[in-house]
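Structure, as structure tokens:
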Amino acid sequence: MVRKKGSLILCGAFLFVAWNALLLLYLWGRPPMGRLGGEGGGGAEPGGNEEWGLIRGKGSRIDLAGEVIRLAEEVELQLETQKKLLKQIESHRRAAWSKRKDVGKRDKEAVTKKHHVQSLALQPLDPLLDHADSEPQHSVKSFAAVGPDARRRQATVTETGTRDQLSALARPPVIIPILVIACDRVTVKRSLDRLIQYRPSQELYPIIVSQDCGHAETAGVIASYGAQVTHIRQPDLSDIRVRPEHRKFQGYYKIARHYRWALNQVFNTFAQSTVVIVEDDLEVAPDFFEYFRAMYPILRSDPTLWCVSAWNDNGRDALVDPSKTALLHRTDFFPGLGWMLLKEMWDELEPKWPSAFWDDWMRLPEQRKDRSCVRPEISRTITFGRKGVSLGQFFDQYLRYIRLNTEFVPFTKQNFSHLLKDNYDEKFIKDVYGAPPVKIEELQQGGALRGPGPYRVKYSSRDSFKVLARNLGVMDDLKSGVPRTGYRGVVAFLHRGRRVFLAPPEGWTRYDVSWS
């Protein structure tokens, strides 16, 4: 295009010069004004016997003043034509120059972009800046089993992004629906009241209440919120055929069926890219929405993560640090109780979704595939429902004492690159196995210990873990060999104001599923 414009300019300049040359030749060869020379070839001069006249041919006279006027008009016309030609040449020249500058600018931007992409791995990852920022819904990642390929993919996102890059990924703002799983508890009102109270935007955080059981009174409570929530009803209320020894677990089968139907509604009918699932007996913290908004890009960018949870299984008052409201951890144990799921993960799980006990099924190695979740130091949900299919299991002993965060933390203003696996593991291993080993008696007596820790208590078997966990006040059950809140086999908590790591021997490599 630039060459074509240059040729036009040269052609125009040539025509301009040629035109002026022809005009000069024309005027040069024109007969002089006055009397034309006769046979003697004499020059014509105005004056003499035929003042201010000229003779052409045989007796033809032409007015001299008219001839001058005509010549002036011709010259003016030629000058006007040349002026237009010059303007066209100037216009083409400017257009060609502008085009050349645009091409140069694009080439420079392409080179800059290339260098920028190559340097991404050296830049820190920041969370979204505000509620209006989130990743575009078409930007997705694969969540296959974590192996060498996944590690390489994770390396490309480690340290990726800066606040500007994540903000760019975050436009247009992602919608994060809240799916409330309900049945026959009218106390769902307590859960919905808090969700609506703390919700910063109805458009960005639509609340979908999915009701099973067909309980009319509960349906009335949900309907009373009008357009503030979307009420959907699980259509299949029939009993599920189970083997005789599982008849007492009928409720667990119905819950799994309900979850599958409700999640399909969110992802397939409502066409959402993510969801936060809560149950009708959960109360949320003031920064519940802020927490999930900030964690969404982390979950998107790290293939070694498969969920974000608002729950700390060991989140009792005596076991958490109340001054670390912004502290977040990785955990290999699926916590549930207020958790974020991506559509890509649901596409992986839905075809093999279990008929019952879905949460324990999620904790099996076949589903977890060595992936982890993010969880807070201080829970962003608490459960107030002792009534349920689990008949209050763990509620009186543990769940009723979980501390709910009450201080709003601006998570979206903070940097969470430390949660990416490579960053986290390096520091985590150093902190755990760099902590001085102590015996449980030293912790319980405390006299010989100085400072807030951390300290490390070692376990070497399933039985030793359970004994130590009970004595230190943390939950002692294991699922597929993974302890609650555990990461790389380590359970981190506070004991009498000191940070403690209940840890396996150094060099740990994998969980032993026989410890369940």
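The values are calculated or read from the model by the stated rules, or taken from the named source; none is laboratory data. It should be emphasised that the depicted structure is a prediction, and the values quoted were computed from it without experimental measurement. When we count neighbours, we look across all protein chains shown, and the Cβ atoms used for this are built from the backbone with ideal geometry, even at glycine. Quick note on the areas: whole protein, heavy atoms, side chains included, nothing else; ligands and nucleic acids left out. Shrake-Rupley method; radii C 1.70, N 1.55, O 1.52, S 1.80 Å.
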*Taking the condition over 21 Å from ARG190 (Cα atoms) and at pLDDT 95 or above, does GLY451 pass?*
no
*Those residues that are open to solvent by 20 Å² or more (accessible area, probe 1.4 Å) and either without any contact (Cβ under 8 Å) to a residue 12 or more places away in the chain or touching a Ser or Thr at 6+ places or on another chain (Cβ under 7 Å) (or both), I need them from segment 364-381; list them, please.*
LEU364, PRO365, GLU366
*Has segment 506-516 got at least one residue that is part of a helix (DSSP H, G or I), over 20 Å from ASN314 (Cα atoms) and open to solvent by 30 Å² or more (accessible area, probe 1.4 Å)?*
yes
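Just one of PHE493, PHE501 is part of a strand (DSSP E or B), under 21 Å from ASP422 (Cβ atoms) and touching a residue at least 60 places away in the same chain (Cβ under 8 Å); which is it? Lay out the reasoning, then the answer.
Numbers: PHE493 fails: under 21 Å from ASP422 (Cβ atoms).
Among PHE493, PHE501, only PHE501 is part of a strand (DSSP E or B), under 21 Å from ASP422 (Cβ atoms) and touching a residue at least 60 places away in the same chain (Cβ under 8 Å).
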*Which of the following residues is out of contact with any helix residue (DSSP H, G or I) (no Cβ under 9 Å at 6 or more places or on another chain) and under 23 Å from PRO365 (Cβ atoms): ALA469, ALA503, ALA492?*
ALA469
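Condition (residue is of a type outside the set (D, E, K, R) and surrounded by fewer than 20 Cβ atoms within 10 Å (Cβ to Cβ)) applied to segment 493-500: is it met by at least one residue? Steps first, please.
Filtering segment 493-500 down to residues of a type outside the set (D, E, K, R) leaves 493-495, 497, 500.
Narrowing further to those that are surrounded by fewer than 20 Cβ atoms within 10 Å (Cβ to Cβ): 497.
Yes - at least one qualifying residue is present in segment 493-500.
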*Of the conditions (1) open to solvent by 10 Å² or more (accessible area, probe 1.4 Å); (2) out of contact with any Leu (no Cβ under 8 Å at 6 or more places or on another chain), ARG462 fails just one. Which one is it?*
(2)
*Considering only segment 430-441, how many residues are surrounded by fewer than 15 Cβ atoms within 10 Å (Cβ to Cβ) and part of a helix (DSSP H, G or I)?*
3
*asked:* Scan segment 233-249 and tell me whether some residue there is surrounded by 11 or more Cβ atoms within 10 Å (Cβ to Cβ), aromatic (Phe, Trp, Tyr) and in a loop (DSSP other than H, G, I, E, B).
replied: no
*(1) over 25 Å from SER323 (Cβ atoms); (2) surrounded by 13 or more Cβ atoms within 10 Å (Cβ to Cβ): which one isn't true of LEU420, the others all being true?*
(1)
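In segment 202-211, is there at least one residue being in a helix (DSSP H, G or I), open to solvent by 20 Å² or more (accessible area, probe 1.4 Å) and modelled with pLDDT of 95 or more?
Step one: list which residues in segment 202-211 are in a helix (DSSP H, G or I), which gives none.
No: zero hits.
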*Out of curiosity, is PRO483 free of Cβ contacts under 8 Å to residues at least 60 places away in the same chain and either under 33 Å from the mean Cα position of the chain (by Cα) or buried (at least 20 other Cβ atoms within 10 Å of the Cβ) (or both)?*
no
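Quick check on segment 223-232: of everything there that is assigned to a loop (DSSP other than H, G, I, E, B) and among the hydroxyl-bearing types (Ser, Thr, Tyr), which residue is surrounded by the most Cβ atoms within 10 Å (Cβ to Cβ)? Full working, then the answer.
First, pick out the residues of segment 223-232 that are assigned to a loop (DSSP other than H, G, I, E, B): 224-225, 229.
Filter once more, keeping what is among the hydroxyl-bearing types (Ser, Thr, Tyr): 224-225.
Values: SER224: 11, TYR225: 18.
It comes out as TYR225.
If you check VAL467 against the conditions, is it of a type in the set (A, V, I, L, M, F, W, C), at pLDDT 95 or above and buried (at least 21 other Cβ atoms within 10 Å of the Cβ)? Lay out the reasoning, then the answer.
Values: of a type in the set (A, V, I, L, M, F, W, C): yes; at pLDDT 95 or above: yes; buried (at least 21 other Cβ atoms within 10 Å of the Cβ): no.
Here the answer is no, as VAL467 does not meet what is asked.
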_Pairs, first more than 9 Å from VAL186 (Cβ to Cβ) in segment 213-226, second of a type in the set (S, T, N, Q) and open to solvent by less than 40 Å² (accessible area, probe 1.4 Å), C-beta under 7 Å, six or more apart_ = ALA219/GLN211; ILE222/GLN211
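Of VAL474, VAL457, which residue is buried (at least 19 other Cβ atoms within 10 Å of the Cβ), part of a loop (DSSP other than H, G, I, E, B) and more than 33 Å from the chain's Cα centre (by Cα)?
Values: VAL457 fails: part of a loop (DSSP other than H, G, I, E, B).
Only one candidate passes the filter, namely VAL474.
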*Residue check, GLU245 against (1) over 19 Å from the mean Cα position of the chain (by Cα); (2) at pLDDT 95 or above; (3) acidic (Asp, Glu), all met but one. Which one?*
(2)
*Those residues of segment 212-222 which are assigned to a helix (DSSP H, G or I) and either of a type outside the set (Asp, Glu) or under 26 Å from SER273 (Cα atoms) (or both), in sequence order*: ALA216, THR218, ALA219, GLY220, VAL221, ILE222
*Out of the residues in segment 391-417 that are polar (S, T, N, Q) and in contact (Cβ under 8 Å) with a residue 60 or more places away in the chain, which is most open to solvent (accessible area, probe 1.4 Å)?*
THR406
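Going by the conditions given, is ASP317 surrounded by fewer than 21 Cβ atoms within 10 Å (Cβ to Cβ) and of a type outside the set (Gly, Ala, Ser)? Steps first, please.
Values: surrounded by fewer than 21 Cβ atoms within 10 Å (Cβ to Cβ): yes; of a type outside the set (Gly, Ala, Ser): yes.
It is true that ASP317 is surrounded by fewer than 21 Cβ atoms within 10 Å (Cβ to Cβ) and of a type outside the set (Gly, Ala, Ser).
Of these, GLY385, GLY451, which one is farther than 18 Å from VAL474 by Cβ, in contact with an Asp or Glu (Cβ under 8 Å, 6 or more places away or on another chain), open to solvent by less than 60 Å² (accessible area, probe 1.4 Å) and small (Gly, Ala, Ser)?
It is GLY385.
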